[in-house]
Structures are given as C-alpha cells and as structure tokens.
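Below are the structure tokens for one structure; questions will follow.
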Amino acid sequence: MLAAYAVRADAEAPLDALVVGEIEQPQVPTGWRPVRVKAAALNHHDVWSLRGVGLAADRLPMILGCDAAGVTDDGREVIVHAVINSPDFVGTDATYDPQRSLLSERYAGTFATQVWVPSANLVDKPPELSFAEAACLPTAWLTAYRMLFSQSGARPGDTVLIQGAGGGVATALITLGRQAGMRIWVTSRDEARGARAVSLGAHQAFPAGARLPERVDAVMDGVGAATWSHSINVLKPGGTLVLCGATSGDNPPKAELTKIFFKPLRVIGSVMGTRDELISLAQMLVATGVRPHIDRILPLADAAAGFAAMIAGEHFGKIIFVP
Ligand SMILES: NC(=O)c1ccc[n+]([C@@H]2O[C@H](COP(=O)([O-])OP(=O)(O)OC[C@H]3O[C@@H](n4cnc5c(N)ncnc54)[C@H](OP(=O)(O)O)[C@@H]3O)[C@@H](O)[C@H]2O)c1
C-alpha cells in the first residue's frame, strides 16, 4: 500500500529519512479494526519521529502519522483516537498510562491508505465535519482542547497567552479559546503570522518575547526553551503554565525556579487527551460551527512537500494528506 514512512533517524536532515512509496501491510495485533484513511493530518510529532525522537531504531521502517479520519470495513465514518493504551491499563484517563503510545510510535501510523486500531479508538465522525476537518482533531486539536478546558483552569473572561501563533496546536488554541469567551493573546516570531492569528480570532498579537500590557491568567506553551522565561514572567501570581511541547528545545537557558515558587505558579504538562475529550471536542465543533484552519491539502504521494513546509515553519494551520 502507499504510505509515508521513516526509514532511519536523521536529526539534522529529517526529510532525508522520509520515504513516500509502496510498503507491505504492517503486522497488527489480533482484533484491531482496519480503517480506510480518507484524510490524515501532519503534526510536528511526525518531524520529531524523522529526527529519531520517540521512535526507536528497532521499529523502523515505521509508517508515520497520528491523525486520521476514515471509513471502517462496515461503512462507519470515524475519527481515529491516536492514543494506544496497553491492554493491561486500567483507569479512565488514557494519558496516565505509562505504557501508552501514539500511532506511529509502536504501531503503524495514518499516512497510508489504511490504518489498524483497537475498536475503542474509533469515534463516530459527525456528518457536519468533512474528513479533512475531522482528521485535524486527534492530536493538535485534542491537545489544545485538554490544555484549555481540562488543565488550565482558565474561565471565560480570563486572559490566555498562546506562544507561537502559527502552529497546529496554537491555531486550535486560538480558535477554541476565542469561542469559549477567553481573551486570547498570541506571540509570534513573524508579524504576518501574528496578523493571521488575529484574523483567526486572537484579540491581539505580540512579537515573541514582548512585554505585555498586563499579566495573564494562563499561558499555553508548545515552543519550550525559547519561550520558557517569557511564559513564567508574564503570568499573574497564581497563574498556570500549560506545557505541551518543546519545539525549540527542552533545556531553557534559565529554569526560573524562584519565580515559579515565589509567585507562586502552577506548571502543568499535558499530552494529547482522552477518548471522551475527543468526543466532546467534535461535539463542540458541531455546536459552535467552528472548524479547524487548514493550511493546505496535499495528495499523500506529495507528503514530502508538507513535511518540508512544516520544517521550514511556513504553514499556518493544519497540513492534510489525502490518499
Ligand atoms: N503534548 C502533546 O500531546 C502534543 C500534541 C501535539 C503537539 N505537541 C508538541 O507541541 C509543539 C507544537 O506542535 P505543532 O504540531 O503545533 O507544531 P508546528 O505546527 O510546527 O508549530 C510550531 C510552533 O512553534 C513556534 N516555534 C517554532 N520554533 C520556534 C522558536 N525557535 N522560537 C519560538 N517559536 C517557535 C511557531 O510559532 P511562530 O513561527 O508563529 O513563532 C509554531 O507556532 C511540538 O513540539 C509538538 O511536538 C505536543
């Protein structure tokens, strides 16, 4: 089958580790359900995989991709929840499973004509959402939903700063936060991307690292090292920093420990979300009419162009592949 897959790890030239072409169907655990992929969305996670982060060499070649929407063999239109739990996991929050993996880490991912998952990972796709829109939800949008509504403690009327305006998680945070009645501020390294964030719903955009008009209730940060100090400094006493990634590195020049305990702040790590949160997110989109911002839709055969755009930071919103 046609797929986009990693054949090795290349920290410096991740595109050189990507192959788009025919590959044999993967081995999957007994009982997993096939889904014919109608649309799949690219995440920074896929670039990390090509760089060798989170994808062990003994699992190569590995079909990439966490996100998909598609059709099961009995004709059900579904969104694929990308968090794969260990069969031994008991508990209601899939993200607390120490053995959890995301599609494309241990089991073949979604950048293919077909993907296999446990039935518990299938969620009905609301007919109001297109396959491309639905494919945006399982990683970036679910992460944003959980950060804002389960982790941050922010309420309607609170001010939330989102670091790095243009990314997939960031654009989801802007859209969801605005819809939920929060005052949304963003930073970007690029003025034009800041302006686009405002057109998407942010109340105001600031250059990366800028002094803000006042301190904020919560910060959503997926940038990591480059924005860490700023995120700590702009929070009100008692404010919350929700961290979901470290695109610019995970070793900030200053740890800011004194400010964290003295202000005092809450620093919360957040990863993906539960199946129930994915269902609630899909229902929120149906109820509000809000839709993911899609940067471009490419044939899967041209996946390398989508990866190149993400590596160069040229995209604004989600990049979609259609088989
Ligand atoms: N925890 C989870 O479950 C989860 C889920 C999804 C993603 N993530 C992580 O969250 C991060 C964002 O993911 P994504 O898919 O949204 O990635 P993306 O679309 O590539 O976005 C990257 C963002 O980082 C900003 N950025 C990149 N390099 C930067 C730098 N050196 N300095 C300042 N800003 C920089 C960009 O903002 P500007 O160019 O506008 O400044 C952009 O908004 C990644 O690290 C990813 O692994 C985690």
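Consider Ala11 carefully, then state whether it is among the hydrophobic types (A, V, I, L, M, F, W, C) and open to solvent by less than 10 Å² (accessible area, probe 1.4 Å). If you could, list the steps in order and put the result at the bottom.
Numbers: among the hydrophobic types (A, V, I, L, M, F, W, C): yes; open to solvent by less than 10 Å² (accessible area, probe 1.4 Å): no.
No.
Would you check if Ile162 is of a type in the set (Val, Ile, Thr), within 15 Å of the ligand (Cβ to nearest atom) and assigned to a strand (DSSP E or B)? If you could, list the steps in order and put the result at the bottom.
Numbers: of a type in the set (Val, Ile, Thr): yes; within 15 Å of the ligand (Cβ to nearest atom): yes; assigned to a strand (DSSP E or B): yes.
Criteria met by Ile162.
Still on this structure: Looking at Ser199, Ser248, can you tell me which residue is part of a helix (DSSP H, G or I) and within 16 Å of the ligand (Cβ to nearest atom)? Show your work before the answer.
Details: Ser248 fails: part of a helix (DSSP H, G or I).
From the options Ser199, Ser248, the qualifying one is Ser199.
State all residues of the range 12-42 that are at pLDDT 95 or above and of a type in the set (Gly, Ala, Ser); if no residue qualifies, say none.
The answer is Ala13, Ala17, Gly21, Ala39, Ala40, Ala41.
Let me ask something else about it. I'd like the full set of residues that are closer than 22 Å to Val219 by Cβ and either free of Cβ contacts under 8 Å to residues at least 60 places away in the same chain or open to solvent by 10 Å² or more (accessible area, probe 1.4 Å) (or both), limited to the range 273-283. Spell out how you get there, then give the answer.
Kept after step one, since they are closer than 22 Å to Val219 by Cβ, are these residues of the range 273-283: 273, 277, 281.
Scanning the range 273-283 gives a single hit, Glu277.
On the basis of being in contact (Cβ under 8 Å) with a residue 40 or more places away in the chain and open to solvent by less than 10 Å² (accessible area, probe 1.4 Å), does Ala205 make the cut?
Details: in contact (Cβ under 8 Å) with a residue 40 or more places away in the chain: yes; open to solvent by less than 10 Å² (accessible area, probe 1.4 Å): no.
When the stated conditions are applied, Ala205 does not pass them.
Is it the case that some residue within the range 121-128 is part of a loop (DSSP other than H, G, I, E, B), open to solvent by less than 20 Å² (accessible area, probe 1.4 Å), at pLDDT 95 or above and over 22 Å from Gly177 (Cβ atoms)? Lay out the reasoning, then the answer.
Within the range 121-128, the first condition is being part of a loop (DSSP other than H, G, I, E, B), and the residues that meet it are 125-128.
Adding the requirement that they be open to solvent by less than 20 Å² (accessible area, probe 1.4 Å) leaves 125-126.
Those left that are additionally at pLDDT 95 or above: 125-126.
Going one step further and asking which of them are over 22 Å from Gly177 (Cβ atoms), we end up with 125.
Yes, there is a match, as at least one residue in the range 121-128 is part of a loop (DSSP other than H, G, I, E, B), open to solvent by less than 20 Å² (accessible area, probe 1.4 Å), at pLDDT 95 or above and over 22 Å from Gly177 (Cβ atoms).
Then there's this: Working only within the range 303-323, note down all residues that are in contact (Cβ under 8 Å) with a residue 24 or more places away in the chain and either in a strand (DSSP E or B) or of a type in the set (D, E, K, R) (or both).
Start the filter on the range 303-323 by keeping residues that are in contact (Cβ under 8 Å) with a residue 24 or more places away in the chain, which leaves 303-304, 306-308, 310-311, 313, 315-323.
The answer is Lys318, Ile319, Ile320, Phe321, Val322.
Limited to the range 1-32, what total is found for residues that are in contact with a helix residue (DSSP H, G or I) (Cβ under 8 Å, 6 or more places away or on another chain), touching a residue at least 60 places away in the same chain (Cβ under 8 Å) and among the aliphatic types (A, V, I, L, M)?
Count: 6.
Would you check if there is a residue in the range 224-238 being open to solvent by less than 70 Å² (accessible area, probe 1.4 Å), in contact (Cβ under 8 Å) with a residue 24 or more places away in the chain, assigned to a strand (DSSP E or B) and of a type in the set (Ser, Thr, Tyr)?
no
Output the residues belonging to the range 111-120 that are touching a helix residue (DSSP H, G or I) at 6+ places or on another chain (Cβ under 8 Å) and buried (at least 19 other Cβ atoms within 10 Å of the Cβ).
Those that are touching a helix residue (DSSP H, G or I) at 6+ places or on another chain (Cβ under 8 Å) and buried (at least 19 other Cβ atoms within 10 Å of the Cβ): Phe111, Ala112.
The values are calculated or read from the model by the stated rules, or taken from the named source; none is laboratory data. As the structure is a computational prediction, the values presented were derived from the model and not from experiment. Methodologically, a virtual Cβ is constructed for each residue, glycine included, from the backbone with ideal geometry; neighbour enumeration extends over all protein chains shown. Surface areas here come from the heavy atoms of the whole protein model, side chains and all, with no ligands, DNA or RNA. Shrake-Rupley method; radii C 1.70, N 1.55, O 1.52, S 1.80 Å.
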